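What follows is one structure encoded as structure tokens, with my remarks underneath.
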Amino acid sequence: MLIGRELAELTAGIDALYRKTPRSDGFLDKEGLIPVAMAPVAPRPLRDYAEARAELDKLRSRLPREAESELRADYVNDMIDSLLALLDTFEERPIHFADRVARQIRVSQRLVPDAEIEAYRATIREKLDELGYAGGTLHEDFTRWETQARVPVASVLAELRQLIAEGRDRVTATMYPFAQEWMEPEGVSAVPFSAYCDYPTRKVLLNLDFPYTRFSLKHLATHEVFPGHLVHMNLRERRVAQGTMPLDGAQVVTSSASSALFEGIADNGMFFLDWVNGPEDELGVALQRLRSAMRCNAAWMMHAEGKALDEIVPIMADKALQDPVTARSRLAFLSHNLRAPFVYAYYGGDMAVHALWQTVAPEQRKAFWAYLYDNMHTPRTLTKYWQPQVAAG
């Protein structure tokens, strides 16, 4: 597993270089390139980004011959290329936003097509009708439903706590024994996220400035905790400690080739647990994907087309069924240079994982989860190396 150790040490070295550059003391800047490390990694001493680039190129020249498998060779190659694209950004070299999305996140999306956007809106219309919210425009009927479905601020943390507990029970019953693990919800405000999995402290930080429905809290419980980030990071921590996963598996690396699967696994949590129940949840899934797709489009409009936030917010509010103030607040992080392509990790990762999940028979689920959680993946390797006939046997 020498390649994985060297990749981890180089990535930690690049993170150390990145942190040396003076930036704000804001939340996203404090995260750095590696927001979470589940095992100690000694950073490779690097003088500058030029040396980092040379070291990455040398590591890549040893592929595929020194990799443990074809999957690992492909993954490490993708990861190295994503780090090289990040170095272009850090060094302020010319790189088009499309290349950042393709090389860092490893997805092909640019603008999510109108047909996909309208399909989600059509599903929301259908589910509103089923729930009895009809007679007005889509935006009017949706607003009536959302107002009724909103959880009072005073009850939000208790509701999230209950959903995390149910998620843990479902994970333990069907996926992995996780009854001993927990993450406690804690309210925060004036932060650039709705929820954040603070793995080292085992807390879910929930932004109480935003409104939540029961579905959105269920989504966050599965995304951030069970079977999403907590389960994923904990399994990676265990596998690295056991020596069955290379050391790079212990690092969460922002806007890299690993990001789409990190977020895609989390966004499919409700499906893994068979926990999409009835029209309200089906509406919620369509809404989640609609807004995720529109955040990609907002990032594209800003970074590829040069539109100002004042031009983007009305489009986002209209298409994603949000009021303009909320739409603006949800897009605040798009101007962060490291995070600019990251929104594509959510939509691209969700679509990649879900497309494969839909092909997995019930008797193949255990094998699929082992393949998914026990290997580092990009959207390309996820599809390329899954062998259901072998896994099922």
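Structure data summary
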read-out: Förster-model FRET efficiency, 45 Å R0, Ala119 and Asn337, C-beta, rounded to 0.05; value: 0.90
read-out: Binned Cα-Cα distance frequencies in region 160-236 - 5 Å width, integer %; value: 3, 18, 29, 26, 14, 7, 3, 0
read-out: Rel. contact order, % - alpha carbon contacts under 8 angstrom, at least six apart, region 114-392; value: 20 percent
read-out: Hull volume in cubic angstrom per residue (convex hull over the Cα atoms of region 114-392); value: 138 Å³
read-out: In nm, spacing of pseudo-spin labels at Asp48 and Lys20 (7 Å Cα→C-beta vector); value: 1.0 nm
read-out: Chain lengthening between Thr172 and Thr359 when straightened (0.36 nm per residue, less Cα-Cα); value: 65.0 nm
read-out: Under 9 Å, Cβ to Cβ, from Tyr196 - net charge with Lys/Arg +1 and Asp/Glu -1; value: -1
read-out: Sequence-distant residues sharing a close amide H with Glu184 (under 5 Å, placed H); value: Lys203, Val204
read-out: Two-site FRET efficiency, Asp310 against Glu181, from Cβ-Cβ distance with R₀ of 45 Å, rounded to 0.05; value: 0.55
read-out: Size descriptor, Kirkwood hydrodynamic radius, that averages inverse alpha-carbon separations across region 49-196, Å; value: 21.0 Å
read-out: Lysines whose Cα lies under 30 Å from that of Lys319, excluding same-chain neighbours fewer than 8 positions away; value: Lys127, Lys218, Lys307
read-out: Distance-filtered residues of region 253-284 - backbone nitrogen under 11 Å, label point 7 angstrom along Ala370 Cα→Cβ; value: none
read-out: Residue-by-residue Karplus 3J(HN,Hα) for region 141-151, coefficients 6.51, -1.76, 1.60, Hz, glycine and proline x; value: 5, 5, 4, 4, 5, 5, 5, 5, 7, 5, 7
read-out: For region 156-164, 3J(HN,Hα) per residue [Karplus equation, 6.51 cos²θ - 1.76 cosθ + 1.60, θ = phi - 60°, Hz, x = Gly/Pro]; value: 4, 5, 5, 5, 5, 4, 5, 5, 4
read-out: Reach of Lys203 by Cα under 19 Å, taken over aspartates and glutamates that are not fewer than 8 positions away in the same chain; value: Glu31, Glu159, Glu166, Asp169, Glu181, Glu184, Glu186, Glu224, Glu237, Glu263, Asp267
read-out: Span per principal axis, largest first, for the Cα atoms of region 249-393 (Å); value: 55, 36, 23
read-out: Between 0 and 90°, nearest 10: helix 70-90 axis offset from the chain longest Cα axis; value: 80 degrees
read-out: Exposure proxy ranking, count of Cβ atoms within 10 Å, fewest first, for Ser255, Ser329; value: Ser329, Ser255
read-out: Per-residue HN-Hα couplings for region 171-185 [Karplus 6.51, -1.76, 1.60; θ = phi - 60°; Hz; x = Gly/Pro]; value: 4, 5, 6, 10, 10, 9, x, 10, 4, 7, 9, 7, 10, 8, x
read-out: Inter-label distance for Glu91 and Asp129, nm, one decimal - labels placed 7 Å from Cα along Cα-to-Cβ; value: 5.6 nm
read-out: Ascending count of other beta-carbon atoms within 10 Å, so fewest first, for Arg168, Arg60; value: Arg60, Arg168
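We did not get these values from a lab; they are worked out from the coordinates using the rules stated. Remember, it's a predicted structure, so these values are computed and weren't measured experimentally. For neighbour counting, all protein chains shown are included, and Cβ atoms are generated from backbone atoms with ideal geometry for every residue, glycine included.
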